[in-house]
Structure formats: C-alpha cells, structure tokens
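Visitor: Below you will find the structure I want to go over with you.
The values are calculated or read from the model by the stated rules, or taken from the named source; none is laboratory data. Since the structure is predicted, the reported quantities are computational estimates derived from the model, not experimental observations. In this analysis, Cβ positions are derived from the backbone assuming ideal geometry, glycine residues included, and neighbour counts consider all displayed protein chains. Ligands, DNA and RNA are excluded from the accessible area calculation, which covers all protein heavy atoms including side chains. Shrake-Rupley method; radii C 1.70, N 1.55, O 1.52, S 1.80 Å.
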Amino acid sequence: MARKLVATLLTTLIFVSAAWSQSTAHLTVPAAEATSLPGVEPAGRPVIGLALEGGGALGLAHIGVLQWMEEHHIPIDRLAGTSMGALVGGLYASGKTPAQLRALGTSDAFTGVFTLQLPYSDSSFRRRQDRHEVPQALSLGLKQGMLLRNALLTDRGVNEFLLTNMPAYNGQDLDYNRMPIPFRCVATDLNTLQAITFAKGPLPRAVRASISIPGVFPPVQADDGHFLVDGGIMDNLPADVVRRDLQADIVIAVHLETGGISSSDTSTIVGVLNRAFSAGIARNVAENRQLADLVVDVEVGGFSGADYGKGGQLMRVGYLAAAKNSTALLRYALDDKSWKAYLASRESRSRQEPGELWQVQVKGGDPSAERSVLADMKALEGSPISPASTLNALKGIESNGGYGATFEILAPKSGAGSTAIRAPVSGSSDTGILVRLSKDPIGPPYLLIGPELAASTSNITRMEVNLRVVDQNLGGFGSEFRGNAELGFRTEISAEYYRLLTSRGYFLEPRAGILREPVYIWAAQKRIAERFRENLFAGMELGRTFSNSLQVSAEWRAEDLRWGLRTGSGGGPYLTGTAQMGLLHFNLDRASSGAVSPSGYRLAASAGALYHAVGSSNAPMALLTFNRTFLLEKNNIFGLSAEVHSYLRANVAQPYRFTLGGPMRLSASSFDEYRGTDMYLARAGYMRRLAALPTGLGQGLYGVVGYEAGEIWSPEHRAVLRQDGNLGLVGNTPIGLVTFGVSVGDAGHRKVFVTLGRWF
C-alpha cells in the first residue's frame, strides 16, 4: 500500500514536470457570455490591475498588501489570482474588507479546511460505528479494483469555507465583470493540460478549482466532464490575465519570494507538495513578472506553504513589502474625494443577498439519493437562503459516505424537479438552489483495514487485522451491506444487511457469523488452562435510527457453541450445544471523535435474557457502558467511564460469562484474568496533549494518568475487587491509537503494556 501511495505522489510530480513545458495559453470560461468591463472612477485615470500569486498559506501575505493599498488609497480596478491568490482575491473582489480578511486569516478558519475525513459529529450513526470500532482505518475503494482515494484530504472543509464566505456570489449567472472588483481566477484542466480562466459562474466553485492542489484536494469536475486542479501548475502569477482579459493599463503583481528550503517544507505532506510546486512554477512566474509594470516582492522565505497558523505574521510581512514599494505605489494614489468616488463605484456593484427559497434542483445522484436531498431541504422552503442552513440540510446525504454535496444559487425555472416553485415576491430573483451531488469515483463499496495489537509483560500477545467491507446505499439510499473479518489471535467473520424501511429511520438488520478464539484461564496470576471457543451465530435486529447519535432496537440471536479444552484444567466442562438471547438496545453517541474524544459522552444500555443455553439456567441479562470526557483549556482532557454487566447472579456456563483484565480493563492484570456472572469496571483518567501532529494527520500525542477499579462475582467464587493506577503515552495517529503504559495494582499485579488500534 505504501508503494501505491509513493507511486501516486511520483505521478503527481511527473505531471507537474510535464506541465512546465506546456504552453500557458488560457481558455477563458465562459468568455462569450461575459459583459463589458466597467469604467473606472474617477474617469480618465489609468486602469490598475492586481495579480496575486498562489502559494498555500504564504498567500495570507496578500491580505497585508491589500491592507496597505487601501490605507494609502491605491485603487484596484481589476484583480486576478491563482490558488491561494484566487481565494484571497476572490474574497476581496466580492466586497470583503482587509479587516474582515485579517479576521479570517488569524482565526482557525483556514486550518479548518484541512480534514482527512468527514467530521465525526456529521457522520451517520453507522459511520460513527465504523470510526469507533475500526478507528483511523485505511479506506480503499473497491468500485474499480482496490484503489486509494484521489486526494489526501477531503473537500468538505474547503467547500464549507468558500460557500459560507461568498454567499452572494454563488449564483450560476454571476458575471465576474460585474463584481465590486472585476475578477478572474485560474485553474488547470487535467484533460487538455491548459490553463482555464474563470470569468462567469459560481465563484466558490471557480476558486475551489483554482486551489485544488493535486494529491492534496480532489479535483473539481466541470460541467463538460473535465477535471480541474490548481492553476499554479500553469499560471501561478496571472499578470497575463490582468493585462489581456481584464485590460488593465497598469499591472501590479504580488510575488511570494520563498527563498531557500526550510525544515518546515519537508516536515509535512502539504509542505513537501507546496515546495515541489514552488520549484515547478518558477518558470511561468518568471515569464509573468515581465508582463507587470510593478512587482511587489514579499519575502516569505522564513515560512512554509503549510503555516496557516501564522496568518498574523504573514500579513505583517505583506504589509511591510507594500510599504517598501511605497514610492512606486503612491504615484497611483487617489485624493480623499476621488477615493470616496472609487469606493462608491465599487459598492454599487455589490451583489444582493439571495432571497427566500422556493425551488430546489438536484443533479448527480441516484433517484433515491435525490429524493433524500429534496426531503431534507423541504424544511427550508420559504426561509431566507443561507449557507449555514443549506449546508446543515446537506449533511444527511454526506453523512453516510459515498456522496459529496455542494450547492449553487439560481433563479427558479418552470419544469425543473423541485420541492416547490414560486415567483419572488420582492428583492432578489435568486430564490432557487441547485444541489450538486458527486459520487466517489472509487466507491462504494469500501474496504476498511485497521490493525489491532495488545501486548503486556508476563502475558500473551493479541494481534489482529480488522477488515470491514461496507457497501452503502445498496438497495436504496441509506441501506447497506457490511461484512467483517477479524484475523489473527481471534478469528471472526460476520455479515449483516442494514435495510432502511422508511425515511424516518426504521430498519431491519439480519446478521450471521462465526467466531473462533483461544481463551486462557488464570489462577493466582498463572495461566492454568487454554480453552478454545467456537461460535456459529445468526440473528435479527429491528429498530429505529432516530439520528446520527441515537438508535433504539430489539435483537434476537441464536448460536451454536463449542467449548473445548486444549491444555491444562479449568474453565468448566467441555460443552457443545445451542443458546438463544433476546435484548433491547439503547445507544446514544454524543462524543466528538471516534478515538480520543475531547468532549462528549457515549451510552450503550441493553436488557434482556439468555435462555435455552447449554449448561446454563435461563438468566436475565443487563449490560451498561458509559463514558464521559471533558475538555479544559484546549489541551487537557478529563475522562470518566463505567461498565456494568450482569446476569443478576444467575448461574451460566463459562463461555457466556463476563471478563475483566488487560489494557484499559484493569491494566495491571492479565487478559481476561477474571471471569464471572456479574461485574463492574470504573475508570477515571486525565490526558494532556503534549504535541500536535501535522495538520490533518491526527489530534496529537498525549500523556495519560489513570485509575481503574473493578469487581467481579461468580457462583463458585466470592467477589474479587481489583484496583490499579496507570501512567503512559497515547498517540492519536492515522493508524489508530498507539498506547505505551505502565500499570501497578493491588495483590502484586503490575504490567508494562502496548496497544495499537483502539483501547480494549
């Protein structure tokens, strides 16, 4: 798999290298429909155009340049940008002030666009199960063979950022010549290897294409089927666009001078790719510098393209670079009266906010998916169109995986599929929304692969590889097949089909599987026997998924059991036979993450009975698991958890009994050292984040201190209470939780332990 990832990155760089030699000829899209450019105010002066270069986080320096130019009354009549220059330029051209841009650049808004996967809080109930049970699993698409996805990051965060910050400029009929500052942005067409210049259409979509670093963000698919990526590959400093398309008399280019390589350029994937692009685009930047009348060189050599957390410093560098060129820039400055006229002219082209929602169209999905979107959007009918409410309504289609969703504003059209259509009462004519659904090209189905390891001193080592196949929307949107295989110390193979019966969340879920595992019996910290357990099981669950955090169900299950003895003595007699159980389940997940959750809680409660079980009396059954975490001052997490399992002291055979012992389940004890019919486990812990992992790769490295207390009872033994304390390190990494710890308990129990994958 590592070889595939390396090959993918090499292919990207080879493509970049090939692109260097291509012509930087542009295709303006769509040029024929664009209106004429507006005149300048006051009339008679030269038309001044600004070109902003791409460069990842380095592009935040553009905000400082814009701030200096506004403070000194330097008009910007035309503006073009590429990549980060397109993002900053698009925001400024649409009416954002330098102060508003500064507020964005110094917040966590930019860092929030880098997400490896859909936020846990927005995932469906079943995707949360996947994230919790197979945390940080490697996901492979199986639609066209076994493939990695086409980008390191998802585009969910960047889409939300653009749609939220450009609400009035998300219209299909938007003419960039009619923006407050006439604007262009540049992308690269992967089909033709030409630069594409956007002059019309939804601004968020155009900017999204311009900033799509290959291998980092997914490409944007245009209406003609072409795939668009970062414009910097072909034209990173679009002075030519400002001169040719925007017809500026004076062209000012802002160049980000990166200087030599720094350690931060090689410490992250984003940094390495940005540095590689910096080398690849040097040629087209040099050519475009020659087309500018003035180049403002911004010295950003002390930063990297991944330094989004240093926005304030980068803006300061940009501001000082503009000040350094004050003599050349001030010749274009306006007096106070002319400046007010210029601002008024710019303001007069501001676009009106969208009106109330009276039509929804959906493109790109299967009929069942389109119906789901229309149903989710129905509640917004007649309300003012807002990015926040629309994005919230689209979370449903994205939450289950397999679909991405964006939207554009449009004027209602008769005959189009919609929730309703009504002529606008007054104000804006933009009272419709077009929802674009994009299918993942590599899945579903998906294969999730996650390792699992637990080892401790003077004990056994448990290692498995978890494989999970998920085929979403099989048999209709919301239904799915899920197959599981756990291979290694224990072997479990199972399959289930979640059939969504109604749009209100009622479901039916048959399942079946087989389990084979060794079981060790302990006495006085010594292993006295090895048993072997084999289960063949089948069952049915019926219930309702109320939301992505709440599910209630009833389950019936039957199984055939073999409980054999391999070595030693202990663990009761040899058993072979059947058993049945019926349970009511209540599951509530309000955690903020599938692995180390900084805040929130999970509650799983089940009640029912075990009956007709071989070697056992019929017994009531109660299961309860609860954990709660609290975040204090960003880097500190406090956690409490409780687990109670009980047959209410009924006598059941050894294979059906509950266990305690092992990492995070009385860590100073051996795996499943204690067996009984009734048990509880209480834990309390404190975690402090010691270091953050690179952007998008995980939450970080934590130091942890914990306390555990557990008690277990069985008919043949009195209750055993055990307590221990833990000290260790926990890394929340892309391959799951990595834990190294030391635990000391009572009765001479002590262990050094290591885990990988999840806490047991």
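Visitor: Pairs only if they're at least six apart or on different chains, beta carbon under 7 angstrom, first in the stretch 738-760 and modelled with pLDDT of 95 or more and of a type in the set (A, V, I, L, M), second surrounded by 17 or more Cβ atoms within 10 Å (Cβ to Cβ) and not in a strand (DSSP E or B); list them, first residue then second.
Guide: V744/A668
Visitor: Considering each of S597, S593, S617, S606 in turn, give the residue that is assigned to a strand (DSSP E or B) and of a type in the set (G, A, S).
Guide: The unique qualifying residue is S606.
Visitor: Determine which single condition A411 fails, assuming it passes every other condition in (1) open to solvent by 30 Å² or more (accessible area, probe 1.4 Å); (2) more than 30 Å from S36 (Cα to Cα); (3) aliphatic (A, V, I, L, M).
Guide: Looking at each condition in turn, A411 falls short on (2).
Visitor: Would you confirm whether or not the stretch 351-364 contains a residue that is open to solvent by 60 Å² or more (accessible area, probe 1.4 Å) and under 22 Å from G476 (Cβ atoms)?
Guide: Yes - at least one qualifying residue is present in the stretch 351-364.
Visitor: If you don't mind, another one. Output the number of the condition that F227 fails; it satisfies all remaining conditions of (1) open to solvent by 20 Å² or more (accessible area, probe 1.4 Å); (2) modelled with pLDDT under 90; (3) among the hydrophobic types (A, V, I, L, M, F, W, C).
Guide: So the condition that F227 fails would be (2).
Visitor: Output the strands (runs of 3 or more DSSP E) that fall wholly within the stretch 154-250 and possess 2 or more residues being under 22 Å from the mean Cα position of the chain (by Cα) and among the hydrophobic types (A, V, I, L, M, F, W, C), or say none.
Guide: Once the strands (runs of 3 or more DSSP E) in the stretch 154-250 are filtered for at least 2 residues that are under 22 Å from the mean Cα position of the chain (by Cα) and among the hydrophobic types (A, V, I, L, M, F, W, C), what remains is 227-230.
Visitor: Could you check how many residues of the stretch 624-646 are in contact (Cβ under 8 Å) with a residue 24 or more places away in the chain and either more than 17 Å from S597 (Cβ to Cβ) or among the hydrophobic types (A, V, I, L, M, F, W, C) (or both)?
Guide: 10
Visitor: Sticking with this one: Would you confirm whether any residue within the stretch 101-117 is without any contact (Cβ under 8 Å) to a residue 40 or more places away in the chain, out of contact with any Gly (no Cβ under 6 Å at 6 or more places or on another chain) and buried (at least 21 other Cβ atoms within 10 Å of the Cβ)?
Guide: yes
Residues are listed down the side, and each one gets a yes or a no for (1) farther than 30 Å from P444 by Cβ; (2) in contact with a Gly (Cβ under 7 Å, 6 or more places away or on another chain):
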position	(1), (2)
K337	yes, no
K340	yes, no
S345	yes, no
R351	yes, no
G355	yes, yes
Q361	no, yes
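Visitor: Cβ-Cβ distance below 8 Å, separation of 6 or more or different chains: which pairs start in the stretch 171-185 with a residue that is touching a residue at least 40 places away in the same chain (Cβ under 8 Å) and charged (D, E, K, R) and end on one that is assigned to a helix (DSSP H, G or I) and crowded, with 20+ Cβ neighbours inside 10 Å?
Guide: R184/Y176; R184/V241; R184/V242
Visitor: Out of all the residues in the stretch 66-82, which are crowded, with 24+ Cβ neighbours inside 10 Å and touching a Pro at 6+ places or on another chain (Cβ under 9 Å)?
Guide: L66, D77, R78, L79, A80, G81, T82
Visitor: Still on this structure, please answer the following. Within the stretch 692-716, restricting attention to residues that are among the small types (G, A, S) and at pLDDT below 90, which residue is surrounded by the fewest Cβ atoms within 10 Å (Cβ to Cβ)? Talk me through it step by step, then tell me what you get.
Guide: Step one: list which residues in the stretch 692-716 are among the small types (G, A, S), which gives 692, 696, 698, 700, 703, 706, 709-710, 714.
Filter once more, keeping what is at pLDDT below 90: 692, 696, 698, 700.
Numbers: A692: 13, G696: 21, G698: 20, G700: 17.
That would be A692.
Visitor: Are any residues in the stretch 350-396 in a loop (DSSP other than H, G, I, E, B) and within 26 Å of V220 (Cβ to Cβ), and if so, which ones?
Guide: Those that are in a loop (DSSP other than H, G, I, E, B) and within 26 Å of V220 (Cβ to Cβ): R351, E353, P354, L357, G364, G365, D366, I385, S386.
Visitor: Right, next: What are the residue pairs meeting all of these: first residue in the stretch 695-708, first residue under 23 Å from V272 (Cα atoms), second residue among the aromatic types (F, W, Y) and at pLDDT below 95, Cβ atoms under 8 Å, and 6 or more apart or on different chains?
Guide: Every condition considered, the pairs that remain are T695/F114; T695/Y308; G696/F114.
Visitor: In the stretch 447-472, which residue that is open to solvent by 20 Å² or more (accessible area, probe 1.4 Å) and touching a Ser or Thr at 6+ places or on another chain (Cβ under 6 Å) is farthest from A524 (Cα to Cα)?
Guide: L448
Visitor: Let me ask something additional. Which residue out of A604, A595 is surrounded by fewer than 21 Cβ atoms within 10 Å (Cβ to Cβ) and either of a type in the set (S, T, N, Q) or modelled with pLDDT under 95 (or both)?
Guide: Selected residue: A595, the only one of A604, A595 that is surrounded by fewer than 21 Cβ atoms within 10 Å (Cβ to Cβ) and either of a type in the set (S, T, N, Q) or modelled with pLDDT under 95 (or both).
Visitor: Let me ask something else about it. Which residue is farthest from R349 (Cα to Cα), if the candidates are limited to the stretch 109-133 and must be touching a helix residue (DSSP H, G or I) at 6+ places or on another chain (Cβ under 8 Å) and among the charged types (D, E, K, R)?
Guide: Applying the filter and picking the extreme gives R131.
Visitor: I'm checking my understanding of the structure. Among residues of the stretch 612-649 that are open to solvent by less than 20 Å² (accessible area, probe 1.4 Å) and more than 32 Å from the chain's Cα centre (by Cα), which one is nearest to A684 (Cα to Cα)?
Guide: Among those that are open to solvent by less than 20 Å² (accessible area, probe 1.4 Å) and more than 32 Å from the chain's Cα centre (by Cα), it is S646.
Visitor: Quick one: would you say N548 is modelled with pLDDT under 95 and under 46 Å from the mean Cα position of the chain (by Cα)?
Guide: Spelling it out, N548 is indeed modelled with pLDDT under 95 and under 46 Å from the mean Cα position of the chain (by Cα).
Visitor: Okay, next question. If you check every pair at least six apart or on different chains, which have Cβ atoms under 7 Å apart with a residue in the stretch 33-59 that is farther than 23 Å from V88 by Cα first and a residue that is part of a loop (DSSP other than H, G, I, E, B) second?
Guide: What qualifies is P46/D249.
Visitor: Also, I was wondering about something else. Select from the stretch 431-446 the residues that are open to solvent by 20 Å² or more (accessible area, probe 1.4 Å) and either under 30 Å from V742 (Cα atoms) or part of a strand (DSSP E or B) (or both) and list them in ascending order.
Guide: R436, S438, K439, Y446
Visitor: Out of all the residues in the stretch 656-666, is one or more touching a residue at least 12 places away in the same chain (Cβ under 8 Å) and over 23 Å from E464 (Cβ atoms)?
Guide: Scanning the stretch 656-666, I find no residue that is touching a residue at least 12 places away in the same chain (Cβ under 8 Å) and over 23 Å from E464 (Cβ atoms), so the answer is no.
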